[in-house]
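A short write-up of the structure that comes next.
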Amino acid sequence: MQKLTGKKMSFKDYAVVSSLLFGLFFGAGNLIFPLHLGQLAGHNWVPATLGFLVTGVLLPLLSVLAIAITKAEGVYDVGLPLGTGFALVFMVLIHATIGPLFGTPRTATVAYSVGLQPFLGANNHWGLLLFSALFFAAAFAFSYKENDILSNVGKVLNPLFLVLLTLVFVVAFANPLGQTTGAPVTAAYTSFSTALTNGFLEGYNTMDALAGLAFGVTVVTAIKQMGFRDSKSVSLVTAKAGFFSMGAVALIYLLLIVLGAMSLGQFKLSAEGGTAFSQIVTAYAGSVGQAVLATLLTVTCLTTAVGLVAAFAQDFHNHFPKVSYHVWLFLSCFASFLTANFGLETIIAWSTPMLMFLYPLSMVLILLSVFSPLFKRDGVVYLAVVVCTVVPAFFDMIVAFPKVVSHSTFGLAVGNLRAHLPLASIGMSWIVPALVGLVVGLLVHFVRRNSLPEMVEE
């Protein structure tokens, strides 16, 4: 490393970058979805955990590695082998989904509905409005200066979150509410295969694979500010810090899933993980525990919001430079504030279909980027895989929409077509077509390479 950069990367430097990555990834959904998964899976929590870790940990880690391996600086570069038009559209869709439309507003609504609403009451209509205004004002302030993002998230907000979460785990595992061995199982998790599959799909809700692509520009900027300028050193630092941070995320997911399964010893299955978390904390510490939970959720949600609004502003400023970083930052925060006031239930209902569409596309692009050195990042391979993935992913999106879309004439027609695709019943109709596209793309690539070797050199 020292030969590459002229600067030795210390353990402290790695810890700070890893803390930044952890803080950017770990937000509202990362607390409530694994906890709810534990309640859904009951004593079948092990296969559910394995599935969840694939989309909740392995895939986000691969997204960070994709940025490192391709020397990309953001989601735009990941889609570039398919052309500038596709790359720009893909970037806008990713940032809109994890940004002002769904992901960023969710950070405020979860923090409010789970942390503060129990104190204010469900009928307090002004509470969310005021809280979300203050929340996004804070996110704007923390991310206003680009060179302060590393310090604010990696050194200040994230350690505070870890201290509070550790306190919750120590208390909960010292005095468990029940045993996982006797925890009831819901119908969707009765067998090993169904628990594995549904755990895999539940990992979509974290949005971390999408976030990993979008956070690339934030992470790369922070590493360059530490004195690592050339692309090789930035890639190595990003990759190593990614392993550290996602290892910590995997451990927390495991503890949360077990905690959720144990909670069934005293509580019934909750509607969502936020309610379960509130019940667990209140059972141990009453209103004091609820206050700790409110603080915990607000801190972790704010760290993620800072990363999301900054990544949005940085990427959009890079591609639309006539508008300044600060204007894009304000627009992101203000739009997120407006969307947040539609409420958590509405946000989740409309975000799920977009995730069913974007996650398959993101997964294939991430995997293609990671293994791109094997086929020289040939755009033909990318094109074949993405074309075969986008149609079934679009079908999955349509049938996942609320009834106003999925039960319309168009929605029912799409559902009938989708039913003929393999694995459609488990929400993975895109996998077989994507594999077919991969085989076709690689065959074309190797035939072209053998017949026209000079094209590969170019």
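Has the stretch 264-275 got at least one residue that is touching a Leu at 6+ places or on another chain (Cβ under 7 Å), touching a residue at least 40 places away in the same chain (Cβ under 8 Å), among the β-branched types (Val, Ile, Thr) and in the same structural domain as Val17 (by TED's automatic domain parsing)?
Within the stretch 264-275, none of the residues are touching a Leu at 6+ places or on another chain (Cβ under 7 Å), touching a residue at least 40 places away in the same chain (Cβ under 8 Å), among the β-branched types (Val, Ile, Thr) and in the same structural domain as Val17 (by TED's automatic domain parsing).
Take the residues of the stretch 70-93 that are modelled with pLDDT under 90 and not in a helix (DSSP H, G or I): which is nearest to Lys376 (Cα to Cα)?
Thr70
Can you name every one of the helices (runs of 4 or more DSSP H) wholly within the stretch 164-239 that holds 3 or more residues which are closer than 26 Å to Pro47 by Cα? Working first, answer last.
Details: elements: 192-202, 208-214, 216-225.
Per the criteria, 192-202, 208-214.
Which pairs have Cβ atoms under 6 Å, sit 6 or more apart or on different chains, and link a residue in the stretch 418-436 that is under 21 Å from Phe401 (Cβ atoms) and outside the structural domain of Ser193 (by TED's automatic domain parsing) to one that is among the hydroxyl-bearing types (Ser, Thr, Tyr) and assigned to a helix (DSSP H, G or I)?
Listed by first residue and then by second, the contacts come to Ile426/Thr197; Trp430/Thr389.
Looking only at the stretch 370-399, which residues are buried (at least 20 other Cβ atoms within 10 Å of the Cβ), within 15 Å of Phe357 (Cβ to Cβ) and either of a type in the set (A, V, I, L, M) or at pLDDT below 90 (or both)? Step through it out loud before you land on a result.
Looking only at the stretch 370-399, we keep the residues that are buried (at least 20 other Cβ atoms within 10 Å of the Cβ), and these are 378, 381-382, 384-386, 388-389, 392-393, 395-399.
In the following step, the residues that additionally are within 15 Å of Phe357 (Cβ to Cβ) were identified as 386, 388-389, 392-393, 395-399.
Passing the criteria: Val386, Ala393, Met397, Ile398, Val399.
What residue, of Val170, Val163, is within 25 Å of the chain's Cα centre (by Cα), surrounded by fewer than 15 Cβ atoms within 10 Å (Cβ to Cβ) and free of Cβ contacts under 8 Å to residues at least 24 places away in the same chain? I'd like the intermediate steps shown before the answer.
Working: Val170 fails: within 25 Å of the chain's Cα centre (by Cα).
Selected residue: Val163, the only one of Val170, Val163 that is within 25 Å of the chain's Cα centre (by Cα), surrounded by fewer than 15 Cβ atoms within 10 Å (Cβ to Cβ) and free of Cβ contacts under 8 Å to residues at least 24 places away in the same chain.
Of the residues Ala133, Ala96, which is under 14 Å from the mean Cα position of the chain (by Cα), part of a helix (DSSP H, G or I), at pLDDT 90 or above and surrounded by fewer than 24 Cβ atoms within 10 Å (Cβ to Cβ)?
Working: Ala133 fails: under 14 Å from the mean Cα position of the chain (by Cα).
Among Ala133, Ala96, only Ala96 is under 14 Å from the mean Cα position of the chain (by Cα), part of a helix (DSSP H, G or I), at pLDDT 90 or above and surrounded by fewer than 24 Cβ atoms within 10 Å (Cβ to Cβ).
Among the residues of the stretch 32-48, is any among the β-branched types (Val, Ile, Thr) and under 17 Å from the mean Cα position of the chain (by Cα)? Outline the logic, then answer.
As a first pass, look at the stretch 32-48 and keep what is among the β-branched types (Val, Ile, Thr): 32, 46.
Applying the additional criterion that residues be under 17 Å from the mean Cα position of the chain (by Cα) yields 32.
Within the stretch 32-48 (the criterion being among the β-branched types (Val, Ile, Thr) and under 17 Å from the mean Cα position of the chain (by Cα)), the answer is yes, since at least one residue qualifies.
Only one residue in Gly212, Gly216, Gly203 is modelled with pLDDT of 85 or more and touching a helix residue (DSSP H, G or I) at 6+ places or on another chain (Cβ under 7 Å), so which one is that? If you could, list the steps in order and put the result at the bottom.
Working: Gly212 fails: modelled with pLDDT of 85 or more; Gly216 fails: modelled with pLDDT of 85 or more.
Answer to the check: Gly203.
From the list Lys240, Lys232, which one is over 17 Å from the mean Cα position of the chain (by Cα), surrounded by fewer than 21 Cβ atoms within 10 Å (Cβ to Cβ) and modelled with pLDDT under 80? Before you say what the answer is, go through the steps one by one.
On the way: Lys240 fails: modelled with pLDDT under 80.
Criteria check complete, one pass: Lys232.
What are the residues in the stretch 58-70 that are in contact with an Asp or Glu (Cβ under 8 Å, 6 or more places away or on another chain) and either surrounded by fewer than 24 Cβ atoms within 10 Å (Cβ to Cβ) or without any contact (Cβ under 8 Å) to a residue 12 or more places away in the chain (or both), if any?
The answer is Thr70, and nothing else.
Okay, residues lined up against (1) within 19 Å of Asp208 (Cβ to Cβ); (2) surrounded by fewer than 21 Cβ atoms within 10 Å (Cβ to Cβ); (3) at pLDDT 85 or above; (4) among the charged types (D, E, K, R):
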{"site": "Ala285", "(1), (2), (3), (4)": "no, yes, no, no"}
{"site": "Cys301", "(1), (2), (3), (4)": "yes, no, no, no"}
{"site": "Ala310", "(1), (2), (3), (4)": "yes, no, yes, no"}
{"site": "His319", "(1), (2), (3), (4)": "no, yes, yes, no"}
{"site": "Tyr325", "(1), (2), (3), (4)": "no, yes, yes, no"}
{"site": "Phe330", "(1), (2), (3), (4)": "no, yes, yes, no"}
{"site": "Asn341", "(1), (2), (3), (4)": "no, yes, yes, no"}
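How many residues does the stretch 102-125 hold that are among the small types (Gly, Ala, Ser) and either surrounded by fewer than 17 Cβ atoms within 10 Å (Cβ to Cβ) or without any contact (Cβ under 8 Å) to a residue 12 or more places away in the chain (or both)? Let's see the steps before the verdict.
So in the stretch 102-125, the residues among the small types (Gly, Ala, Ser) come out as 103, 108, 111, 113, 115, 121-122.
From what's left, either surrounded by fewer than 17 Cβ atoms within 10 Å (Cβ to Cβ) or without any contact (Cβ under 8 Å) to a residue 12 or more places away in the chain (or both): 121-122.
Number satisfying all stated conditions: 2.
Yes or no: the stretch 370-386 includes at least one residue that is over 19 Å from Phe86 (Cα atoms), charged (D, E, K, R) and either without any contact (Cβ under 8 Å) to a residue 24 or more places away in the chain or not assigned by TED's automatic domain parsing to the domain that holds Asp77 (or both).
Yes, the conditions are met somewhere in the stretch 370-386.
The values are calculated or read from the model by the stated rules, or taken from the named source; none is laboratory data. From a predicted model like this one, the values you see are computed outputs, not experimental measurements. Neighbour counts are summed over all protein chains in view; Cβ atoms, including those assigned to glycine, are modelled from backbone coordinates with ideal geometry.
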